[in-house]
Every structure is written in C-alpha cells, then in structure tokens.
Amino acid sequence: MNLNFWLPILMLSSSLFTGLIIFFLKEEKVGLRTVLNLTGAVFKVVAVHYMAYRLLVLDQIHHVSFSMGLGFDFALRVDFLSLMFLALSSNLWLVTTLYAVGYLEGSPNRSRFFGFFSLCVTACTGIAMAGNLITFFIFYEFLTLATYPLVVHRQTREALEAGRIYLWYTILGGTLVFVGVVWLQVLAGPLDFIDTGALQSLGTESHFSLCTIFLILIMGLGVKAALVPLHGWLPVAMVAPAPVSALLHAVAVVKAGAFGIVRVVFDVFGRDFAGSLGLLGPLAAAASITIIFGSIRALSQTDLKKRLAYSTVSQVSYITLGAAVIAPFSTVGAIVHLVHQGIMKVTLFFCAGNFAETLGVHNIHQLKGVARRMPLTALLFTLAAFGMIGVPPMAGFVSKWYLGLGSVDAGSSWILGVLVASSLLNSAYFLPIIHAMWFEKPVQQWKTLRQGLLEAPWMLLVPPVFTAGAALFAGLVAAWQWSPLGLARQIATGMGIYP
Amino acid sequence: MPELLVLIPFTAALLCFILKGVLRSLAALLGASLTFSASALLAADVYQNGAIRISLGGWDAPLGIGLSADGLSVIFLLLTAIVGLMVSIYCVPFFSGLHEQPLARHFWSLWMFLWGSLNSLFLVSDVFNAYVVLELVSISAAALAALSGTAASLRAALRYFLTAMAGSMAFLLGVGFIYAQAGTLDMFLVGSSGGDGPLMAMALGLMTVGLIMKSALFPFHFWLPPAHGEAKAPVSAILSALVMKGSFFLLLRIWFNVFQDSSLTVHAASVLGFLGLFAVIWGSYQAIIQSRLKLIIAYSSIGQMGYLFLLFPLVLTTVDAAWKIEAWTACVFQAVSHGLAKASLFLAAGNLIQASGTDNLRSMRNIAGSLPMTTFTLALAGISLMGLPPSGGFVAKWMLLQSILASGQWWLAAAPILGGLLTAGYIFKILSQAFVPGAEGACCKPVCFVMEKAALVLAIFSILIGFRAEEVIFLLTDRICAANPGGFWP
C-alpha cells in the first residue's frame with residue numbers, strides 16, 4: 001500500500017463516510033452515533049500525527065491527483081501549511097465532537113447535525129490539503145453547503161433568517177472566487193500551489209488583469225474571512241448551537257477564508273510579486289480597518305456570543321495583516337496565528353456555551369459573580385481572554401510579538417500602532433467581563449439547567465480544559481522545534497523568506 | 001444498431017396499446033430496457049470506432065433515408081436512454097395508482113412513441129426527415145401534456161401544440177428553400193454543395209426561428225411554464241429533459257452541419273446569444289418568485305435552456321480553435337446535466353405531490369424529516385443546476401465561463417455568474433422549506449420506494465457526470481462527423 005497516496009484519501013474519508021453513515025442512523029441510536037463520531041475523529045487525529053511524522057521526519061511527499069479532463073487536475077498535496085491547518089482542524093474536531101455530544105444531549109435532529117458536522121470537517125480537510133486553487137474552490141463551496149444546515153439547526157425563525165443571510169454572503173463570495181479562479185486559469189493555465197512564480201513570467205501587459213483577479217479573489221475569500229465590510233454574516237450566524245459557533249464560525253469557516261488568502265498571497269501570486277504589483281498595501285489597510293472596526297463593534301455588544309463574534313472578525317484579520325506585510329517575522333506571525341487564534345477562540349466559545357447551557361446565561365450583565373458558581377469555566381475563559389489580549393505567556397502574545405517585529409522590520413510602524421490599539425480595545429472588551437466574573441456579586445439566583453459531577457457535565461468541561469491548556473502550552477514552549485511557532489518558522493524557511 | 005433504436009420503442013408503443021394490466025407494464029419495461037441497452041451499445045461502438053452512417057434499404061443518399069450516429073447524437077441518445085429508463089421505472093408504480101390507472105394505456109403508448117421519435121430525431125440525416133420526426137415528437141409531446149385532462153392542462157397543451165405547429169411550419173418552409181437552392185435534402189450533402197445567398201439565409205432564419213420556438217428560448221417561452229407545470233410529474237420530466245433538447249439538437253445540426261461557415265452570420269449568432277442571456281436572467285428571476293414547486297422547476301428550464309444559446313456567439317466569433325471546442329463542449333454538457341437534473345427534480349416533485357397532495361412550497365415544510373430521500377434528491381439535483389462543484393453543472397459552467405473570458409465577450413459572463421446566483425436563489429428557496437418546522441401531523445402518505453430511488457439515481461447521475469468529462473469531450477471532438485462527407489466540426 002502506498003501511503004503517500006492513501007493517507008490523504010484516508011484523511012478525507014475518515015470524516016466523509018462517518019458523516020454519510022450517521023445520516024442514516026435512527027435518532028435514538030445515541031451510543032452507536034457517539035462511538036462512530038469519536039472513532040472517526042480519533043482516527044483522523046492519529047492519521048494527522050502519523051502524516052506529520054512522515055512529512056517532517058521522513059520527508060515523504062503526500063500527493064494525490066486525478067485528471068478531471070478539463071485542463072486541471074483534482075490535486076491533494078500536503079505541505080507544511082496544510083499540515084498546520086489539518087492538525088488544527090482535526091484536533092479541534094475531536095474535542096468539539098465530544099463537546100457537541102454533551103451539549104446536544106436530548107435535543108432533536110441529532111443525526112442530521114452530526115452528519116453535516118462531519119461533512120464540514122471533511123470540507124476543511126480538503127481545503128487544507130488542496131494542491132491547487134481549483135481543488136481548493138471545490139472544497140470551499142462544499143463547506144458552504146455543509147454549514148448551512150448547521151446554522152439553521154434550531155429551525156427557529158431567527159435561525160432560518162440567519163441561514164438565509166449566511167447563504168447569500170457565502171454564495172456571492174463563492175461566485176467571486178469562481179470567476180477569479182477561471183480567469184486565472186484562462187490567463188496562466190493550470191497552476192499548482194507549488195509552482196509559485198509562474199505568474200511573474202506573464203509579462204507586464206497582463207498585470208492589470210492580475211490585479212483585478214487578485215481583487216476578485218480576495219473579495220471572494222474575504223467573505224468567509226469576515227473582512228469588513230463583508231463580515232455581516234458572522235455575528236448573525238451566532239444563533240447556531242455553541243459547538244457550531246466554536247468550531248465553524250471561530251475556526252473552520254473563517255479560517256478557510258483566511259487560509260485561502262494566505263494561499264493566494266504566498267502560493268499563487270507569491271508574496272514579493274504581489275508586493276511589486278502594489279497589492280499588499282491595500283490588503284494590509286483592509287485588514288487593519290477590520291481589526292479596529294471589529295474590536296470597536298465588540299465593545300458595544302452585550303450578548304456574550306455576539307461579542308465573541310466581533311472579536312473573531314478582528315482577530316482573524318491578524319492573519320491577513322501578517323500575510324500582507326513583506327517581512328519574515330510577519331509571515332511567521334500570520335501562519336502561527338492561524339493556529340493560536342483557533343485554540344483560544346474555541347475555548348472562549350466553549351465557555352460561553354457552558355454558561356448558556358448550565359446557567360441559562362447569555363448576556364454579559366448576567367455574568368456577574370459567575371466565578372463562584374463555575375470557577376473552572378471562568379478560569380478557562382480568563383486564560384483564553386488573556387491570550388486574545390496578548391498577555392505573555394499565552395499563545396496570543398507570541399503571534400502579536402511576531403507581527404509587531406515584522407511591521408517594524410518592514411518599516412511600516414503604523415501597523416504597530418494598529419496592533420497596540422487593537423490590544424487596548426481587546427482589553428477594553430474582555431477585562432470588564434473578567435472583572436465582573438471574579439469580583440462582582442451575583443445579581444440573581446443561579447438557575448441550574450444541567451447537573452454534572454462538577455459545575456457542569458464532564459463532556460462540557462474536558463474540551464475547554466484541553467484547548468485552554470493547548471493555548472497556554474503553545475505560548476510556553478514556543479521556542480520548541482515542533483510547537484506551532486516552530487512549525488511556522490519552518491514553513492517560512494521553506495518558502496525561502498525566513499533566515 | 002441505429003435502426004433498432006427506432007424499431008424497439010415503436011414496437012413497444014404498439015404493444016402497450018394492445019396489452020392490458022401487468023402485461024402492459026412488462027412490455028413497456030422490456031421496451032425501455034432494450035432501448036437503453038441498444039443506445040449503450042451504439043454509444044460504445046461510436047466511441048471506439050467512430051461515426052456511423054447507414055442507409056435504410058440499401059438506398060444511398062440522396063434517394064434513400066439515411067441514419068447517422070456521431071458523437072453528438074450518441075450523447076443525446078444516451079441522455080434519452082438514461083432519463084427514459086428511469087422515467088419508465090418510475091411510471092410503473094406511478095400509473096398503478098387509483099387516479100392514474102385509466103391513463104396508463106395512453107401514457108405508455110404515447111411515451112414509447114415519443115421515445116422512438118426522439119431517437120430518430122437524434123439519428124436523422126436529411127432535413128425533410130428531420131421535419132417529419134420533429135412533427136412526431138411535437139404531436140406526441142403535446143398529447144402527453146394533455147394527459148391529465150384537467151381544463152388547465154388542456155389549455156396549456158393546446159397552446160403548446162399551436163406554438164409547436166407554427167414552429168414546424170417555419171421549419172418546413174426552410175426545408176423547401178434549401179431544396180430549391182441546393183437540390184438535395186441530405187444534411188451533409190447540402191453542407192458540402194455550398195450554396196450561399198439570400199435563399200439559404202432565409203432558410204437558415206426560418207429553421208432557426210421554428211426551432212427556438214420549440215426550445216422555448218426567450219421571448220418564445222410563454223407556452224412552457226403552464227405546459228410543464230400542469231402536466232403529470234413524469235410527463236414534465238420527459239418534456240423538459242428530453243423534448244426541449246430534441247429541438248436544440250436539431251438546431252446544432254442545422255447550424256453546424258447543414259450550413260457552412262460562410263453563410264452563418266456573426267450577427268444572427270450574437271442575437272441568439274443575447275436572447276439566451278435574457279432567457280437565463282428572466283427565467284431564473286421568474287422561478288424565484290413562484291410559489292409552486294413545479295412552476296419553479298418549469299421556469300428554471302427557461303433559464304437553463306438559455307445557457308445553451310451562448311454557444312452560437314462563442315463558437316462563431318472566437319478565432320482560437322481550442323476555445324471553440326471549449327464552448328461547444330460546455331453547452332452540450334450543460335444540455336446533458338440539465339436534462340438529468342431537471343428530470344430528477346420533476347420526479348421528486350411528483351413524489352412530493354404523491355405524499356402531500358399538492359406541490360405548494362408550504363407543503364414541503366419539514367420534509368427533511370418525513371421524506372429524507374426526496375429532500376436529498378432535490379438537494380443533489382439543485383447542486384448540479386446551481387453549478388456547484390463537483391457536478392455536471394459545474395463542469396458546464398466552468399467551461400462556459402472560461403470560453404467567455406477567452407473570447408473577450410464580457411457581457412455574456414453575466415449569464416453564468418448572475419444565472420448561477422439566481423439559480424441558487426430558487427434552489428435554496430425550495431430547500432430552506434425543508435427546515436421549516438411543519439404543522440403536526442400535516443404529512444404524509446408514504447411514497448413508493450421505487451419512485452424515490454428512480455429520482456435519486458437521476459440526481460446522482462447529474463453529479464457523477466462531472467467526473468467523466470473526458471469521455472464526453474472526446475465524443476464531442478474526436479467523434480464528430482469524421483466519417484461523414486461534408487460534415488465539419490464547428
């Protein structure tokens with residue numbers, strides 16, 4: 001058996017077939033469904049780590065490609081960047097599945113939920129492993145379709161309306177990406193991510209078209225990456241159940257957009273070529289506006305999940321910002337933030353879900369004194385929020401440090417200003433919550449909706465403990481060769497832009 | 001082999017008229033599966049050995065009647081075979097219901113007759129015979145549309161019939177002009193005998209108008225929504241998936257085989273392209289504002305047929321041969337994937353009507369729970385119609401947009417882009433109903449297993465064809481008229 005071929009296929013099918021089987025399970029077969037879900041997730045995590053071992057230590061290239069007969073190949077190819085996104089999504093899928101099993105206990109339509117949930121992860125895996133822009137696009141659209149049923153899962157009027165808005169944003173974005181991809185292929189022929197620099201040889205007469213294509217692609221991807229003003233769907237989609245907000249809207253969907261932007265900048269256009277076309281300045285500006293705007297909007301939200309959503313809008317754009325600055329440190333910062341933001345934000349959403357599920361608390365004003373009732377959840381929330389602000393030694397500090405270093409290196413110190421302003425704003429919307437949780441008196445009697453051995457059912461507590469631990473660990477051991485930062489450095493070195 | 005494709009369905013039509021009950025269904029199924037096998041064998045033959053031409057009774061053209069099968073006809077024959085077989089399987093339980101049983105005799109004989117006529121249309125090799133089979137197709141199709149016998153369906157069928165007749169007359173007049181100018185009726189001989197001038201231009205114009213009336217191109221689409229919306233579900237599937245494709249196929253033959261490059265004007269092609277563009281936008285928009293499932297699907301046909309007409313400006317104004325082939329393949333691919341997806345949608349709509357008694361969108365509330373298989377079918381076929389990857393519709397849109405961008409006719413790009421968005425609009429209008437919680441106990445009667453699966457198989461085909469683009473492209477480029485004298489590839 002040729003593992004270089006089969007491992008990527010196994011990665012995809014571990015969640016694809018799990019999802020398809022789950023669709024046909026009867027609603028009441030809880031045990032079988034949970035076993036299937038967790039088996040699929042564990043299998044995928046093991047496969048990712050084995051793949052990482054083969055790629056990093058044995059230096060094997062995993063590559064699959066089929067001809068589609070249309071002048072392009074369906075190609076899967078695992079490089080370091082794919083590996084990073086894969087590791088992020090598969091590990092978080094495992095913990096989120098556990099969380100979702102606990103969260104949705106006893107609610108209707110669970111087979112449908114977990115079926116589509118697995119399909120979403122399949123789409124993310126495909127996005128991570130895509131070897132060219134067309135394969136990327138195929139999975140990108142697949143992700144849109146698979147997430148819609150999750151957004152409307154609750155079937156309330158509000159959820160349906162949110163689903164409609166989500167769909168229109170993403171379908172429009174998908175159409176833009178489609179046009180960009182087709183146009184690029186007409187102009188330059190099929191391009192794999194590994195032939196970076198092919199566009200450079202096109203000659204100056206096509207530069208105008210290239211700029212337009214770049215703009216179209218970024219606009220299309222910017223919808224999922226929630227670049228202002230294309231971010232409108234993200235806060236609305238927060239009506240979805242907490243695991244969906246956690247994995248999809250904090251990690252998978254927005255990351256798919258950000259990952260796409262990173263791919264377009266680094267692997268399709270090439271960072272230096274994009275810079276020489278004058279495209280990166282505007283991109284950095286758009287990202288900065290998004291960072292500041294998202295944070296300001298987060299300030300005025302009183303619904304906890306909405307505040308977290310706007311915080312996502314702001315934080316994800318760090319990735320875009322880092323990709324848009326021509327400096328080695330910024331590149332590393334962008335890539336490492338892909339992982340760091342994911343584990344921190346997923347923790348925050350888990351905690352928000354715990355508050356809502358066990359105490360029925362959705363609003364920030366009701367959170368006063370909640371640390372006395374749920375100390376562990378409050379502690380985890382605090383850790384993750386500190387990470388978001390960028391307090392050392394949390395993971396968020398590492399990303400911000402690298403982004404800051406990079407902007408100084410590139411001579412655009414205004415970006416440093418953006419980072420500082422954003423950190424201040426982050427503190428301004430997280431610290432009051434933390435203060436209220438720990439130091440204020442409860443305003444009401446706590447209701448108890450769900451009982452558990454500790455403050456909540458264990459299935460709702462283990463996942464955030466794990467992710468918050470990961471966020472702390474990633475910051476503490478940042479200098480280690482195989483930490484997210486270490487990997488990001490190796491990726492940048494592989495691109496030839498990090499010494 | 002080609003003659004069997006005509007012979008088997010006509011025989012089956014006769015048998016269905018004579019036999020009764022189970023025997024009739026057996027005869028119909030036997031006829032359907034034999035025709036399907038014959039189509040598949042012919043396709044394999046053409047794929048391996050190249051285009052075929054036979055003369056019936058040993059009389060060569062211009063005296064005798066010839067049948068010719070090249071890559072293009074084989075693709076449409078296969079589409080007809082797959083849709084035909086699935087519709088036939090679907091119809092056995094469908095027409096054993098209490099209300100439908102009395103209609104079975106007429107339905108089966110008319111449908112087999114229509115299938116035979118369609119097959120002969122795809123094999124035809126002279127323009128007069130083309131007129132004859134076109135008439136056969138129109139007559140049997142209009143009769144099928146009137147099958148349910150309600151006042152609305154009779155009115156719709158009559159309107160359809162009159163439009164189709166007017167179209168046939170225009171076509172016949174064109175045939176007359178061709179004969180006057182070229183002195184022969186054989187498609188491929190007319191092509192090579194040259195003949196350029198006002199008569200030929202007139203003939204081309206008349207035939208084109210006649211055929212676009214039958215293909216419901218904007219602004220001749222008025223007859224379509226009531227005819228397809230009021231007919232029985234399997235009949236709607238046949239009409240929109242196959243009958244409309246028949247006249248489009250003939251249009252391709254006329255434009256690219258009968259008339260040589262010189263007599264085709266770029267202007268006429270541009271007009272067709274613009275009408276196609278309008279059709280895409282207008283049809284899709286109309287589909288969005290409908291509230292009955294079958295009407296949405298019927299208006300969607302107008303939009304989806306519009307894409308096909310972009311072929312003419314793309315092929316005739318592009319210089320680069322590679323992009324011509326791309327445009328040509330794109331539109332034929334669109335025809336096939338639309339046929340499969342649309343048939344599946346109509347069959348699924350039939351299931352819904354069977355379950356809830358109406359096809360109003362409200363009746364679809366919460367069908368995700370009660371009819372999961374039908375919902376899944378609607379979703380799959382919808383994905384193909386929207387052109388989302390990986391599906392037949394995606395391949396078609398991909399190639400279409402590529403050839404549009406390469407040919408530099410930017411305004412045409414509005415069709416795949418805007419059309420795709422509008423299509424997404426009405427498909428999700430349908431699908432989002434599946435998630436609206438319905439009233440308690442509002443649904444549903446059970447739907448026959450075979451009927452659900454027949455629709456599902458067609459939907460799966462419309463997705464899978466996206467993975468087998470290579471073979472289709474090969475048939476369309478390397479198996480076109482190579483052995484036919486005078487035939488030229490566009």
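Here are a few things to note about the model shown:
- Along principal axes, Cα extents of segment A:184-264, largest first, whole Å: 49, 26, 16
- With only Cα atoms counted, chain A has Rg and Dmax values of 21.4, 70 Å.
- Sum of -39500 (n - 2.57) over DSSP H runs of 4+, divided by residues of chain A (222 nm, nearest 500): -23000 deg cm²/dmol
- Global geometry of segment A:365-476, whether rounded, prolate or oblate, following the gyration tensor of its Cα atoms and the 1.5 cut on a/c: oblate
- Unit Cα scatterers, Debye sum, segment B:140-298: log10 I(q)/I(0) for q = 0.11, 0.15, 0.18, 0.21 Å⁻¹: -0.49, -0.82, -1.05, -1.27
- Taking N as its residue count, the alpha carbon Rg of segment A:86-192 over 2.2 N^0.38 Å: 1.25
- The phi torsions of segment A:212-219, fed into the Karplus equation with coefficients 6.51, -1.76 and 1.60 and a -60° offset, translate into couplings of 4, 4, 4, 4, 4, 4, 5, 5 Hz, rounded to whole numbers, with Gly and Pro shown as x.
- Site-free segments of chain A were taken between chymotrypsin sites (Phe, Trp or Tyr not before Pro) in DSSP loops having at most 13 other Cβ atoms within 10 Å, sites themselves excluded; the longest one is A:25-479.
- Over chain B: helical MRE at 222 nm, DSSP H runs n ≥ 4 each giving -39500 (n - 2.57), nearest 500: -24000 deg cm²/dmol
- Area projected by the alpha carbon convex hull of segment B:291-450, averaged over all directions, nm²: 9.2 nm²
- Between B:Ala201 and B:Leu23, residue separation times 0.36 nm minus the direct Cα-Cα distance comes to 59.0 nm.
- Net charge, B:Ala348 excluded, C-beta distance under 13 Å - Lys, Arg +1, Asp, Glu -1: +1
- In degrees, nearest ten, helix A:280-299 long axis to first principal axis of chain A (Cα): 10 degrees
- Modelled spin labels at A:Glu161 and B:Phe128, positioned 7 Å past Cα toward Cβ, are 6.8 nm from each other.
- Summing +1 for each Lys or Arg and -1 for each Asp or Glu among the other residues whose beta-carbon sits under 13 angstrom from that of B:Asp70 gives +1.
- The length gained by stretching the chain between B:Trp411 and B:Leu14 to full extension, at 0.36 nm per residue less their Cα-Cα distance, is 137.9 nm.
- Reachable aspartates and glutamates from B:Lys214, criterion Cα separation under 13 angstrom, eight or more residues apart if same chain: B:Glu135
- Dipole in debye (nearest 20) - chain B, about Cα centre, beta carbon charges: Lys, Arg +1; Asp, Glu -1: 1400 debye
- Angle between chain B longest axis and helix B:198-214 axis [Cα atoms, degrees, rounded to 10]: 10 degrees
- Estimated Rh, segment B:1-160: Kirkwood, alpha-carbon pairs, angstrom: 16.4 Å
- Taking 0.36 nm per residue of separation and subtracting the Cα-Cα distance, full extension of the segment from A:Ile61 to A:Trp6 would add 18.6 nm.
- Neighbouring partner chain Cβ atoms per residue of A:174-187, average, 10 Å criterion: 5
- Cβ-Cβ FRET estimate between A:Tyr498 and A:Cys211, R0 fixed at 22 Å, reported to 0.05: 0.25
- Point-to-point label distance, A:His362-A:Ile289, nm (Cα→Cβ direction, 7 Å offset): 3.2 nm
- Relative to the dominant Cα principal axis of chain B, helix B:293-308 is inclined by about 20°.
- Net charge contributed by nearby residues that have their C-beta within less than 14 Å of A:Glu440 (K/R +1, D/E -1): +4
- Under a 5 Å amide H cut-off, with hydrogens placed 1.01 Å from N, A:His62 pairs with A:Val78 among residues at least 5 apart or on other chains.
- Exercise: per-residue mean of other protein chain Cβ atoms within 10 Å, B:175-186: 0
- Anisotropy class of the protein assembly as shown from Cα gyration tensor, a/c 1.5 cut: prolate
- Under the Debye formula (equal points on every Cα, no solvent term), log10 I(q)/I(0) of segment B:2-478 at q = 0.11 Å⁻¹: -0.83
- Dimensions (Å) - segment A:1-152, Cα atoms, principal axes, largest first: 45, 35, 25
- Using the average count of surrounding beta-carbon atoms within 10 Å as a protection proxy, the listed peptides B:41-49, B:158-166 rank, highest first, as B:158-166, B:41-49.
- Distance between modelled label sites at B:Thr358 and A:Thr204, nm, 7 Å Cα→Cβ extension: 6.8 nm
- Within straight-line cross-link reach of A:Lys447, lysines at Cα separation under 21 Å, skipping those fewer than 8 residues along the same chain: A:Lys305, A:Lys368
- Over 21 Å (Cα to Cα) - which of B:Lys294/B:Lys453; B:Lys232/B:Lys429; A:Lys224/A:Lys345; A:Lys224/B:Lys397; A:Lys345/A:Lys400 fall in this group: B:Lys232/B:Lys429; A:Lys224/B:Lys397
- For segment B:368-434, the gyration tensor built on C-alpha atoms gives an oblate shape. Its axis ratio a/c (a ≥ b ≥ c) is at least 1.5, and a/b is not larger than b/c.
Coordinate-derived values only; no laboratory data. The shown structure was predicted, so the numbers you read here are calculated from the model rather than taken from an experiment. Counting neighbours? That spans all protein chains shown, and the Cβs are built from the backbone with ideal geometry, glycine included.
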